[in-house]
Amino acid sequence: MQIHVIEGNHNLRSLLTWHLHQAGYHVQQSATLAQAYQHCDRVLPTLAIVDSDLPDGEGVEFCKWLYPQGNSLILMLSARIRDIDLVTALQAGVDDYLKKPFGMPEFLARVAALLRRNRGLTTIPTEMTYGHLRIDLVRRCLYLSDKSQAKPLETKIDLSPQEFSLLYVLAQANGRSVHRSELLKRAWDIDIDNPRTVDSHVLSLRKKLGHPDPIETVRKVGYRLNY
């Protein structure tokens, strides 16, 4: 289950992401419409949380684009209080509208209510398999299979929350090389500009995954998962 927070205010975006992580959700975040279009064009979220006023345009335009793409739910956050703004948002495909300022308990309750509504409409994957890896998306655990045995054995690999997010983004790329800057945007909950942060976490992942090394370094680009 993936939630995408699209919010131009850095402090609010970080706060929402942190609380959603604490509640057990996997969260992607974007600061602009351009980032949101780019990310959602690759992977549609289960729930998009969209600010009505973004640095490069209006959130309602993004909602009009997202609504026909699939079954993504949409929660709009807005400081606009006029009835016409609410009507326009609902007509654009928004499922719920939360006026700013709001309390975090109400925000989390609305998120949970929307996801319950979606439970009967779509089957949300609970795990993904990539070669010898089985990634448990609910418990955020990784299992490594030894398929050389007559009966394959699984070994649990303990990962930090950041290592898990990094591995998950690499696995989602399905063999495509991922640039360091993209990994920083998609796998980290805060804005980080130092690409060496990615390198240090990849090194840690490699040590835990063992040999043969499943993470290939793509020169002058980033990394690719080869399992």
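The values are calculated or read from the model by the stated rules, or taken from the named source; none is laboratory data. Predicted, not measured: the structure shown is a model, and the values here were computed from it. Positions of Cβ are generated from backbone atoms using ideal geometry, with glycine treated the same way; all protein chains shown enter the neighbour counts.
Go through the residues of the stretch 62-74 one by one and say whether even a single one is small (Gly, Ala, Ser) and more than 27 Å from ARG176 (Cβ to Cβ). Checked the stretch 62-74: no residue is small (Gly, Ala, Ser) and more than 27 Å from ARG176 (Cβ to Cβ). Can you confirm whether the stretch 164-175 contains a residue that is assigned to a helix (DSSP H, G or I), surrounded by 13 or more Cβ atoms within 10 Å (Cβ to Cβ) and among the aromatic types (Phe, Trp, Tyr)? There is at least one residue in the stretch 164-175 that is assigned to a helix (DSSP H, G or I), surrounded by 13 or more Cβ atoms within 10 Å (Cβ to Cβ) and among the aromatic types (Phe, Trp, Tyr).
Could you say which residue among LEU75, LEU44, LEU66 is part of a strand (DSSP E or B) and touching a helix residue (DSSP H, G or I) at 6+ places or on another chain (Cβ under 7 Å)? Before you say what the answer is, go through the steps one by one.
Details: LEU44 fails: part of a strand (DSSP E or B); LEU66 fails: part of a strand (DSSP E or B).
Criteria check complete, one pass: LEU75.
Between LEU203, LEU183, the distinction of being loosely packed, with under 14 Cβ neighbours inside 10 Å, free of Cβ contacts under 8 Å to residues at least 60 places away in the same chain and either touching a Cys at 6+ places or on another chain (Cβ under 7 Å) or part of a helix (DSSP H, G or I) (or both) belongs to LEU203 only. Checking each residue in the stretch 78-111 for being crowded, with 16+ Cβ neighbours inside 10 Å, under 21 Å from the mean Cα position of the chain (by Cα) and assigned to a helix (DSSP H, G or I) picks out PHE107, LEU108, ARG110, VAL111.
Looking at GLN22, GLN2 in this structure, which one is at pLDDT below 90 and more than 12 Å from the chain's Cα centre (by Cα)?
Selected residue: GLN22, the only one of GLN22, GLN2 that is at pLDDT below 90 and more than 12 Å from the chain's Cα centre (by Cα).
Taking first residues from the stretch 75-87 that are not assigned by TED's automatic domain parsing to the domain that holds ALA109 and hydrophobic (A, V, I, L, M, F, W, C) and partners that are surrounded by fewer than 17 Cβ atoms within 10 Å (Cβ to Cβ) and assigned to a helix (DSSP H, G or I), no Cβ contact under 7 Å between residues at least 6 apart in sequence or on separate chains turns up. Check the stretch 4-12 and report whether any residue there is surrounded by fewer than 19 Cβ atoms within 10 Å (Cβ to Cβ), closer than 27 Å to ALA171 by Cβ and not assigned by TED's automatic domain parsing to the domain that holds LEU170. Looking through the stretch 4-12, none of the residues is surrounded by fewer than 19 Cβ atoms within 10 Å (Cβ to Cβ), closer than 27 Å to ALA171 by Cβ and not assigned by TED's automatic domain parsing to the domain that holds LEU170. Filtered by the rule that a residue be at pLDDT 90 or above and of a type in the set (Gly, Ala, Ser), the stretch 73-88 gives a lone residue, SER78.
Residues in the stretch 18-59 that are loosely packed, with under 15 Cβ neighbours inside 10 Å, of a type in the set (Gly, Ala, Ser) and either assigned by TED's automatic domain parsing to the domain that holds SER160 or at negative phi (or both): ALA23, ALA34. Here THR197 meets the list (1) modelled with pLDDT of 85 or more; (2) surrounded by 12 or more Cβ atoms within 10 Å (Cβ to Cβ); (3) more than 24 Å from HIS10 (Cβ to Cβ); (4) not aliphatic (A, V, I, L, M) almost entirely, failing just condition (3).
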